[in-house]
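First the structure, in the form of structure tokens, and then the observations on it.
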Amino acid sequence: MKFKYKISVKLYIMFIALFIVSAACLVWNVVRLVGFIKDPTIVTVYNYISVGICILLPILCILFVATIMASSYYKIDGGKLLVRYGVLKDSFNLKEIDNIVRDLEKKSLIITFKDESGFRIVIDEKNFNDFAAALMKAEPSISYAEYTGDVKKDDEK
């Protein structure tokens, strides 16, 4: 089963700003390249290389952000939890997962492993139960708990 990565409003704003800056950089460097072509007296190998790199980098940046927005998800398949974030990917053996904790106060879902490491699952809150159920169905030894934030510190007792 596949669960789409939830991209926050702040991240969308960052991505849009990055798109705008990259597009502006791309347009500016294309204009520079046209200027070099029109006036061959200022053309050097360095100018062509620098403009070429300055055109390539915004394109790569736009492609990287587009892949993050289009293909970021969690997938439970073949005894593994596959995590995909754009072009970056990782997988975890389900047998290594100890439990799933849903923090009701912070509205987050955290997976902890048997070595006591863990990470936060970033999906829409309405999919928390479906994700936990799919994970526990694929690996029945995984436990589930809900944390409400009611635990008091030793100083407050």
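Please treat every number below as a calculation from the coordinates, not as lab data. Everything numeric in this text was worked out from a predicted model, so none of it was measured. All Cβ positions, glycine included, derive from the backbone under ideal geometry; neighbour counts span all protein chains shown.
Along the chain, counting only GluC sites (Glu not before Pro) with a DSSP assignment other than H, G, I, E or B and at most 15 other Cβ atoms inside a 10 Å radius, the longest segment between sites is 1-104. Globularity index of segment 92-149 is 1.03 (Cα radius of gyration / 2.2 N^0.38 Å, N = number of residues).
In the elastic network of the chain, a GNM with C-alpha springs shorter than 10 Å, the most mobile of Met69, Met14, Met136 is Met14. Per-residue Cβ neighbour counts within 10 Å put Leu18, Leu109, Leu60 in the sequence Leu60, Leu18, Leu109, beginning with the fewest. Only one item in (i) 47, 18, 13; (ii) 35, 18, 13; (iii) 36, 18, 10 matches semi-axes √(5λ) of the Cα gyration tensor in Å derived from the coordinates shown, and that item is (i).
Subtracting the Cα-Cα distance of Ser91 and Lys10 from 0.36 nm times their residue separation leaves 26.5 nm of extension gain.
Taking label positions 7 Å along the Cα-Cβ direction at both Arg32 and Ser141, the computed distance is 5.7 nm, reported to one decimal. When each full DSSP H helix of the chain is screened for a Cα extent of at least 27 Å along its own axis and an average Kyte-Doolittle hydropathy of at least 0.5, the helices passing are 9-38, 45-70. Here the gap between Thr41 and Tyr73, fully extended at 0.36 nm per residue and compared with their Cα-Cα distance, gives a gain of 6.4 nm.
Projecting the Cα positions of Ile97, Thr112, Ile13 onto the charge dipole of the chain (unit charges on Cβ atoms of Lys, Arg, Asp and Glu, taken about the Cα centre) puts Ile13 furthest along the positive direction.
Overall, the ratio between the Cα radius of gyration of segment 2-70 and 2.2 N^0.38 Å, rounded to two decimals, is 1.47.
Within the set Lys6/Lys95; Lys2/Lys126; Lys10/Lys80; Lys10/Lys126, which residue pairs have Cα atoms separated by over 22 Å? Pairs exceeding 22 Å: Lys6/Lys95; Lys10/Lys80. Based on DSSP H segments of at least four residues, each scored -39500 (n - 2.57), the chain has a per-residue ellipticity at 222 nm of -15000 deg cm²/dmol. Residues whose amide H lies under 5 Å from that of Asn99, counting only those 5 or more places away or on a different chain, are Thr112, Ser143; hydrogens are built 1.01 Å from N in the peptide plane.
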